[in-house]
Amino acid sequence: MGSFFAELARQAPANARREVEAYAREIPEFGFLGSNSRARAETLEYALWLRRRTVDLSSDNSELSDDDLGYIASIGEVRAAAGMPLDARQRVLRLHTSLMLREINEATEAQRGAGVDELMRMMNWFAPQGERGIRAYSQGFVTALRHRLPYVEQAALLARSLLNADPIAAELASALGMELPERCTVTVIRVPDRPVGDRDLEGEIERLVKAHQAPAMWCPGRGNRSGELIVLVPLHPPTPPQAAEGPGTAGAAQPHSAPDLGPDRLPDLVSGLVRDFAQALGRPCAAGTVPSPLSEVADALATARRISRAAPLRRASARLRPYTVSDVFVELAVADAPFLDAWLHAVGRSLRPGPDLLVTLDAYYHHDMHRGTTAAALNVHPRTLDYRLRRVRELTGIDPGSTRGVRILSSVVMRHLSTA
């Protein structure tokens, strides 16, 4: 063992103590180390073992053994079983990695720049073996979570880890029996305040997750009974067509990718999920969805959330589906321009003398201004519909069937139904 590795071995006890002190000082979940001497001794023992094992293996470029990885996994399992949350686990891994790199730099400086070959050997070992160690630690962590948390909470952790780009998502997905696709649709279902006495949604969310094999998490709103259900629905690429028969082509798969989705190309499973939840909810809700690569779901969530807040609240029906950017791009722009929003609300207030003019306009535009279909949907005679549309024109000076009317009054209806 060269002088660089000898220096790391000599400093291992002091560096292990420094790591334990850093945990107690910087990570609230390790605050108990200050008062629990047994836990502190066990944490110190592991920190010292890891440093000595690192020196022994990296000096001759040996891999962590199965026993080593099993011990690392057991530490992750113990910490998760004790209640450590995912974000604390990430902070522990970041702090540990930072301290190890600092110790390598200190050992290099102590050798006054000597032992460059040994330093390169250490760095070449550190990245791949560190990744294996982190994977083992995460596997142990997830093993404990499977025993400690209900299924629906594990699914929520998976959704949160994907949104935070936490590598443990792969382990969580495996534990839940889910595959992580390259793309998904980030769907936000907005639920307004529900009356006290409505049944709890946890059971419904669990059934939804199992039926659709999609991670989901409930985010409570400001009201005690309001909130958002965030679901990451996998987008699997279409099955490629069978390759033409011929020399060297039999059974060859053609390249494919999931397409960008417009409002008329949403997969049935996304609309089906929204309908299933709305049916279970039994009250109006609004949904927004954005397709995204799995690596960009955090940005997609922000957009899907804005869409859901601009979308109209609707009850479950065979036609219910989540809204996309192309459905509400006008309303999204209006929401960022308060003077325009106020003007649209003023137009909406002028329709209050009615009768049922906002409901009528909603049905009229929802059915592409088809007179007979709209009247049937409203369960009124076509002449009654004509009267209501004339009434709109009288109260606002805007013809609902004109280009100007469609632009203005459809936005008035959408802003009203969104309860914005």
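Taking 294, 57, 172 as the candidate residues, the one with maximal mean-square fluctuation in a Gaussian network model of the chain, Cα springs under 10 Å, is 57.
Mind running the shape call on segment 260-353? Use the C-alpha gyration tensor, a ≥ b ≥ c as the square roots of the eigenvalues: rounded below 1.5 for a/c, prolate if a/b tops b/c, oblate otherwise. It comes out oblate by the Cα gyration axes. Simple spin-label estimate for residue 339 and residue 87 gives 4.0 nm between the two label positions (7 Å along the Cα-to-Cβ direction from each Cα). Length available on full extension from residue 218 to residue 78: 0.36 nm per residue minus the Cα-Cα distance, which gives 47.7 nm.
In the chain, the sites counted are GluC sites (Glu not before Pro) in DSSP loop states with at most 10 other Cβ atoms within 10 Å, and the longest stretch holding none of them, exclusive of the sites, is 1-178.
Taking 0.36 nm per residue of separation and subtracting the current Cα-Cα distance, fully stretching the chain between residue 393 and residue 116 would add 91.4 nm. The trypsin sites (Lys or Arg not before Pro) of segment 119-227 that meet both conditions, a loop assignment by DSSP and at most 12 other Cβ atoms within 10 Å of the site Cβ, are 199, 222.
Using a 1.4 Å probe over the heavy atoms of the protein chains, calculate the carbon and sulfur portion of the accessible area of segment 78-181 as a whole percent. Using a 1.4 Å probe with all protein chains present, segment 78-181 comes out at 53 percent carbon and sulfur. Can you compute the label reach from residue 61? Point 7 Å from Cα along the Cβ direction, backbone N cut-off under 16 Å, restricted to segment 106-136. The answer is 116-130, whose backbone nitrogens lie closer than 16 Å to the label point. Listed options for Rg and Dmax of the Cα atoms in Å are (1) 22.8, 88; (2) 29.3, 96; (3) 20.7, 60. The value calculated from this structure is the one marked (2).
With the Cα gyration tensor of segment 353-420 giving a ≥ b ≥ c as the square roots of its eigenvalues, does the rule (a/c under 1.5 for rounded; else a/b larger than b/c for prolate; else oblate) give rounded, prolate or oblate? Rounded, since a/c falls under 1.5. Residues of segment 65-86 with an amide N closer than 15 Å to a point placed 7 Å from the Cα of residue 49 along the Cα-to-Cβ direction: 65-79. When you filter the trypsin sites (Lys or Arg not before Pro) in segment 307-359 for DSSP loop state and at most 15 other Cβ atoms inside 10 Å of their Cβ, you are left with 315, 319.
The values are calculated or read from the model by the stated rules, or taken from the named source; none is laboratory data. Remember, predicted model here, so these are calculated numbers, not experimental data. Note that each Cβ is placed from the backbone with ideal geometry, even for glycine, and that neighbours are counted across all protein chains shown. In case anyone asks, the SASA skips ligands and DNA or RNA and just uses the protein heavy atoms, side chains included. Shrake-Rupley method; radii C 1.70, N 1.55, O 1.52, S 1.80 Å.
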